[in-house]
Amino acid sequence: MQYLYDLNLAELQQALIAHGVPKFHAGQIFTALHQGVAVDDITNISKDLRAWLKQNYRCDLPTIVTEKRSVDGTKKYLLSYQDGERTDLIECVFLTQNYGNTVCVSTQVGCRMGCQFCASGKNGLVRNLSAGEILAEVILVNKLNATDKVRGVTNIVLMGSGEPLDNFDNVMRFLALVTSADGINISARNISLSTSGLVPQIKKFADLGTQVNLCISLHAPNDVLRQQIMPIAKRYSVAEIIDAAKYFFQKTHRRVIFEYSLMLKDGVPFNCNVAQARELANLVRGFPAHINLINLNPLRFAPGAVLTPPSRPVAMAFMDAVIKSGVSCTMRKNKGDDIDGACGQLRLQHLANLPSQS
């Protein structure tokens, strides 16, 4: 059954017309849904129309399985999508920041990228989320955290479970829905999409002329290191990724953000010495780019995990070396560490605690 949140306004109008209902009701329904109003509570349409919607579409927002709250105000939600007998679990995170409130959404159930430092792909890819399912994360979190005077969500990052550009069509449709003036209407400039570096899709995304911010998870200054922690690095080289980033800037005039998690491997610095900082700076110098350093959030529920964060002095020395090399660089403030804030960890823990089906 189709998910009601997948429909844009024009499609909803056509569905109502085909059912013999005036199309102006589509605007009432669309706006109410994006405000988090349940179909049963849309009181400016008839009871019969509400019943028809529920008979012909999946209409519910995802169910909250678990909610964790951090001392820093971060909230992490484990959500369940139910479609018939099938149940899929995803995560999203709500972060309060001085420039607004951000929701980090998932774009897939699981992930096929297999990055060693990320819990999202430990059980592989289950399926893509539809555009409406991604949108429903935003709508739910906005509803839960809004007040009478302030909206709950002002910014969106596609940095949760999954590789957004591996679910390209649904993610592009989500971006159109979430920026719709008739819906929740988040500015494209307040949205960031993070990719592990799918070069053809980055260029395809650039060709759309988007104003969405592009973030590339680099995490190593060369192919030798990157291939040890990111399987996708065996398909696309660092040089190809940098070329794609430059192409993105040429097409959109939006600077590219490179995400770089600082880590030790088996207790030994892996990608975070001063020489590697200078190598990283040399890669991105010469076009508008920014390095966003992240002190690795270690995987607590991944057996055999050997990647851990470096000490603060090591991290700060790395950042100073990048800046002194003439490249814009900041250290991201870790949030939600006490609630396993890194993507995939809450789902992985929950799945590990489920009784065996064998």
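One table, with the values for the structure above:
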read-out	value
Some residue of segment 71-86 being open to solvent by 80 Å² or more (accessible area, probe 1.4 Å), under 28 Å from residue 119 (Cα atoms) and of a type in the set (D, E, K, R)	yes
Residue that is modelled with pLDDT of 95 or more, open to solvent by 20 Å² or more (accessible area, probe 1.4 Å) and either of a type in the set (Lys, Arg) or part of a loop (DSSP other than H, G, I, E, B) (or both), where the choices are 122, 54, 68	54
Number of the exception - residue 283 against (1) crowded, with 21+ Cβ neighbours inside 10 Å; (2) outside any strand (DSSP E or B); (3) of a type in the set (A, V, I, L, M); (4) at pLDDT 95 or above	(1)
Among (1) in contact with an Asp or Glu (Cβ under 9 Å, 6 or more places away or on another chain); (2) at pLDDT 95 or above; (3) part of a loop (DSSP other than H, G, I, E, B) - the single one residue 161 does not satisfy	(2)
Options 171, 238, 150; residue that is farther than 29 Å from residue 270 by Cβ, surrounded by fewer than 22 Cβ atoms within 10 Å (Cβ to Cβ) and not aromatic (Phe, Trp, Tyr)	150
Residue in segment 209-232 that is touching a Cys at 6+ places or on another chain (Cβ under 8 Å) and surrounded by fewer than 19 Cβ atoms within 10 Å (Cβ to Cβ) present	yes
Matching option when the condition is of a type in the set (S, T, N, Q), open to solvent by 10 Å² or more (accessible area, probe 1.4 Å), over 30 Å from residue 72 (Cα atoms) and in contact with a strand residue (DSSP E or B) (Cβ under 7 Å, 6 or more places away or on another chain), among 190, 128, 145	128
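Here's the yes/no breakdown for (1) acidic (Asp, Glu); (2) within 30 Å of residue 18 (Cα to Cα); (3) touching a residue at least 40 places away in the same chain (Cβ under 8 Å):
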| position | (1), (2), (3) |
| --- | --- |
| 44 | no, yes, no |
| 53 | no, yes, yes |
| 59 | no, yes, yes |
| 62 | no, yes, yes |
| 68 | no, no, yes |
| 72 | yes, no, yes |
| 75 | no, no, yes |
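The values are calculated or read from the model by the stated rules, or taken from the named source; none is laboratory data. Note that the coordinates shown come from a computational prediction; the quantities given were computed from them, not determined experimentally. Glycine gets a Cβ as well: all are built from the backbone with ideal geometry, and neighbour counts include every protein chain shown. Accessible surface areas use protein heavy atoms only, side chains included; no ligands, DNA or RNA. Shrake-Rupley method; radii C 1.70, N 1.55, O 1.52, S 1.80 Å.
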